[in-house]
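Student: Input: one structure, supplied below.
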Amino acid sequence: MPRISTKIAEISGSLPDGVRLVAVSKFHPLPSLLEAYGAGQRLFGESRADELVAKAAAMPADVEWHFIGHLQTNKVRRVVACASVIESIDSLRLLQAVSAEAVKAGRTVRVLLQVHVAAEETKTGFEPEQLLEAAAIGRDLPGIEISGVMGMATNTDDADRIAADFDAIAGVAGRVRMLVPGASEISMGMSGDWPLAVARGATLVRIGSDIFGPREY
Ligand SMILES: *Cc1c(COP(=O)(O)O)cnc(C)c1O
């Protein structure tokens, strides 16, 4: 496995202007995050509330944190306190809870609405029509700013299916932009498929194992 700093430089160097790397550091220890930080990485993604809170307290203050995991409403307050973007809004109830906690905390949290397009039943997210309804409600909620859409492609070797999934995610993002003009982010692409996601219009790629190696659960 090449060094973390080498991978960060390699991936960052191959992203076109306007596409940002979210280094997905979930389950990886602090020294690994610090190595990425030393290589210039400032944007990190975490998927568990407790881990995000602990790492945010331990890492330098100029790190920008994106929350990318399934979020239970009882953990919203803690995530709102550290995350600049919550990418994984998958229900209207969660969107409303984030709004309420952000108002209480006196801040604005950017959110992405997670869309379900993959073949797997297990991947969470709104169906496209529900997502548009949530965007129409969410644009009027205080404390949040709908910044775009996040999604995952089907876990398959079939590049055509993956490309079709990315096109579907980008298509939903385009429809959200008609409701919320500032919602320009399209977060898609992970270790196995990010070059294809970039070719299909991603503005954020979320890469974990390609940078940090396999996760130890
Ligand atoms: C873990 C995770 C990633 C990164 O996955 P890798 O395959 O390690 O790159 C990206 N997005 C989400 C939502 C994740 O949970």
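Each reported figure results from applying straightforward, stated rules to the coordinates on display, with no laboratory input. None of these values were measured; they are calculated from a predicted model. Note that each Cβ is placed from the backbone with ideal geometry, even for glycine, and that neighbours are counted across all protein chains shown.
Student: Please enumerate, by chain and number, the lysines with C-alpha under 24 Å from the C-alpha of Lys7, excluding those fewer than 8 residues away in the same chain.
Tutor: Qualifying lysines at Cα under 24 Å: Lys26, Lys55.
Student: Can you list the aspartates and glutamates whose alpha carbon sits under 19 Å from that of Lys104, skipping same-chain ones fewer than 8 residues off?
Tutor: Candidates past the 8-residue exclusion: Asp140, Glu145.
Student: Also, I was wondering about something else. Could you pull out the trypsin sites (Lys or Arg not before Pro) across the range 1-37 that fall in loop regions by DSSP (anything but H, G, I, E, B) with no more than 15 other Cβ atoms inside 10 Å?
Tutor: Sparse-neighbourhood loop trypsin sites (Lys or Arg not before Pro): Arg3.
Student: Right, next: Cα extents of the chain along the three principal axes, largest first, in whole Å?
Tutor: So the three principal-axis extents are 45, 42, 32 Å.
Student: Another question about this same structure. If you average 1/r over every pair of different alpha-carbon atoms in the range 90-151 and take one over that average, what Kirkwood value in Å do you get?
Tutor: About 11.8 Å for the range 90-151.
Student: Among the complete DSSP H segments of the chain, which ones combine at least 30 Å of alpha-carbon extent along their axis with a mean Kyte-Doolittle hydropathy of 0.0 or more?
Tutor: Within the chain the helices that satisfy the rule are 159-179.
Student: While we're here: Would you please give the residues with an amide H less than 5 Å from that of Ser47, counting only those at least 5 places away or on a separate chain, with H modeled from the backbone geometry?
Tutor: Lys26, Ile68
Student: Which value in nm describes the separation of the simple spin-label points at Arg42 and Ser191, placed 7 Å from the Cα toward the beta carbon?
Tutor: Those two pseudo-labels are separated by 2.7 nm.
Student: Compute the distance in nm between two label points, each set 7 Å from the Cα along the Cα-to-Cβ direction, one at Asp62 and one at Arg161.
Tutor: Between Asp62 and Arg161, the simple spin-label model gives 4.4 nm.
Student: Run through the range 143-217 and list the GluC sites (Glu not before Pro) located in a DSSP loop whose Cβ has at most 11 other Cβ atoms within 10 Å.
Tutor: Glu216
Student: Relative contact order, percent, of the chain when contacts are C-alpha pairs under 8 Å separated by at least 6 residues?
Tutor: Contact order relative to length: 19 percent.
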